[in-house]
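Structure first, then comments.
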């Protein structure tokens, strides 16, 4: 079985990082940066205000950027018959989904953490705030990845699945957002732990919920 | 398989279907569109639940249907290469299938028949004992039809089993035929 994880992960990464028509990992990063760039235009160049609210903006931008590739995560492989062929070879849907969560996270988590550096500069965040934002993103983005893949599997094959998956992810991502962004407040470090805990719960559920969803979609 | 029945939505497509295939045997399932040929293959493959009855298979199962499971954006060589790494296969008979010159062409630019031949290459590389072929001749030219028939004959000669769902004639010695209409509910 372990000999098959390598090719699966390699394929997923190639599709999600370089990703042909979808723009791959570049699109979420550009989206994220453009939000960080537009925000000062919208609220005005008031440095203290930007510094106070900038961390939260980064979090919202990260959440929205994570939603962008959802429609490419699972549905194309069901349509192509990839899951059928994997099932025939004894490769479970759970394994495929688990590998995909990892690949999805690699394709947007670390790139967003890197992009948070210029974004923090645009918003005038100080070093301490940036540090907490980065740790928070490290704790929270794996959960966002797990949630994204699960919801993508659930909405695969539905009409308007892309829009629906965005709507489904946002409320379910609220715990990560509250704890992650909340960690920026005074004495909020425990929020990081709670964001991490929410991430772990989502990571634990994702392969089974996603695998069951793929089997149900197959009908 | 014994007493197999299949339901799609509220309709039961067929029931009381029993058969048995041993090594080297091939069976063609015939019938008009919508009678449940593809559903039967998916039940045998374990990809769809049977409404009633049991399927028992020994050995690995390979399937070719209208979904070719090859990344449309990748060149054919790399799309097949993915399955080679999964299956650990060395030889997909690419030259025989006339795919050697197409390895650099992205899958989305291939014709229906070329994709079908690529799916057959994937099936050969899988080295499965049981072949499930859903309309394997659709979109193939005369030469490729003969080639597919030869490949199935070789597969059966090596002790493999082939279950073919097709409304087109499939020429193969020792081929049994079963009309699914006889079991229609």
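Expressed in whole Å with the largest first, what are the equivalent ellipsoid semi-axes of the range B:5-74 derived from the C-alpha gyration tensor as the square root of 5 times each eigenvalue?
Numbers: eigenvalues 97, 66, 31 Å².
Value: 22, 18, 12 Å, ordered largest first.
I want the antiparallel fraction of DSSP beta bridges within the protein assembly as shown, as a percent rounded to 5. Write down the numbers at each step before the final one.
On the way: 8 of 26 bridges.
Antiparallel bridges make up about 30 percent of those DSSP assigns within the protein assembly as shown.
Among bridges DSSP assigns within the range B:2-183, what percent are antiparallel (round to 5)?
Details: 7 of 25 bridges.
That works out to approximately 30 percent antiparallel.
For residue B:181 and residue B:54, compute 0.36 nm times the residue count separating them, minus their Cα-Cα distance, and round to one decimal in nm. Don't skip to the end; give the middle numbers.
On the way: separation 127, 0.36 × 127 = 45.72 nm, distance 1.99 nm.
Length gained, residue B:181 through residue B:54: 43.7 nm.
Roughly what angle does helix B:112-126 make with the longest principal axis of chain B, taking Cα atoms, 0 to 90 degrees, to the nearest 10?
80 degrees
Can you put B:122, B:20, B:108 in order of Cβ neighbours within 10 angstrom, beginning with the fewest?
Working: B:122 25, B:20 9, B:108 12.
Ordered from fewest to most neighbouring Cβ atoms within 10 Å, B:122, B:20, B:108 come out as B:20, B:108, B:122.
What distance in nm lies between label points placed 7 Å from Cα along the C-beta direction at residue A:212 and residue A:10?
Inter-label distance under the simple model: 3.4 nm.
Just from its helices, what would the mean residue ellipticity at 222 nm be for chain A, if runs of 4 or more DSSP H residues each count -39500 (n - 2.57) and the sum is divided by every residue, rounded to the nearest 500 deg cm²/dmol? Show your work: numbers first, answer last.
Working: 10 runs with 175 residues, N = 219.
Helices in chain A give a 222 nm mean residue ellipticity of -27000 deg cm²/dmol.
When all alpha-carbon pairs of chain A are counted, what percent fall beyond 25 Å?
Values: 9188 of 23871 pairs.
I get 38 percent for the Cα pairs in chain A exceeding 25 Å.
Quick check: pseudo-label points 7 Å beyond the Cα along Cα→Cβ at residue B:174 and residue B:66, how many nm apart are they?
Roughly 3.2 nm, to one decimal.
Just to be sure I understand the model, the point goes 7 Å from the Cα along the line to the Cβ. What's the resulting residue A:201 to residue B:95 distance in nm?
Spacing of the two 7 Å Cα→Cβ label points: 6.0 nm.
Run through all the Cα pairs of the protein assembly as shown and give the fraction in each 20 Å bin from 0, expressed as whole percent.
Calculated over all Cα pairs of the protein assembly as shown, the distribution is 25, 46, 23, 7, 0 percent.
With angles folded into 0 to 90 degrees, how steeply does helix A:161-172 sit against the dominant principal axis of chain A? Use alpha carbons for both and round to 10.
So the inclination is approximately 50 degrees.
Taking 0.36 nm per intervening residue step and subtracting the Cα-Cα distance, what contour gain separates residue A:79 from residue A:42 on full extension? Provide the component values of the computation, followed by the final result.
Working: separation 37, 0.36 × 37 = 13.32 nm, distance 4.16 nm.
That pair, residue A:79 and residue A:42, stretches by 9.2 nm at full extension.
For chain A, take the longest principal axis of its alpha carbons; what is the angle in degrees between that and the long axis of helix A:189-218, to the nearest 10 within 0 to 90?
Taking Cα atoms only, the helix is inclined about 30 degrees.
At R0 = 41 Å, how high is the FRET efficiency between residue A:174 and residue B:11 if r is their beta carbon distance? Nearest 0.05 is fine. Kindly include the intermediate steps, with their values, before the conclusion.
On the way: r = 43 Å, r/R0 = 1.06.
Taking R0 as 41 Å, the efficiency between residue A:174 and residue B:11 is 0.40.
In what order do B:109, B:183 fall by count of nearby beta-carbon atoms within 10 Å, going from fewest to most? Numbers along the way, then the final one.
Working: B:109 11, B:183 21.
Fewest to most other Cβ atoms nearby, the residues stand as B:109, B:183.
With 21 Å as the cut-off, how large is the P(r) tail for the range B:2-183, expressed as percent of Cα-Cα pairs? Kindly include the intermediate steps, with their values, before the conclusion.
Values: 8131 of 16471 pairs.
It works out to 49 percent of all Cα pairs.
Just need the relative contact order of chain B here, percent rounded to a whole number, with Cα pairs under 8 Å and 6+ apart.
In percent, rounded to a whole number, it is 35.
Counting other beta carbons within 10 Å of each residue's own, what order do A:122, A:158 fall into, fewest first?
Numbers: A:122 19, A:158 13.
In order of increasing Cβ crowding within 10 Å: A:158, A:122.
At a Förster radius of 41 Å, what calculated FRET efficiency corresponds to the Cβ-Cβ distance of residue A:121 and residue B:108, to the nearest 0.05?
Efficiency, rounded to the nearest 0.05: 0.50.
Here, each number is a calculation from the coordinates, and none is a lab measurement. Everything quoted here is computed from the prediction, not taken from an experiment. In this analysis, Cβ positions are derived from the backbone assuming ideal geometry, glycine residues included, and neighbour counts consider all displayed protein chains.
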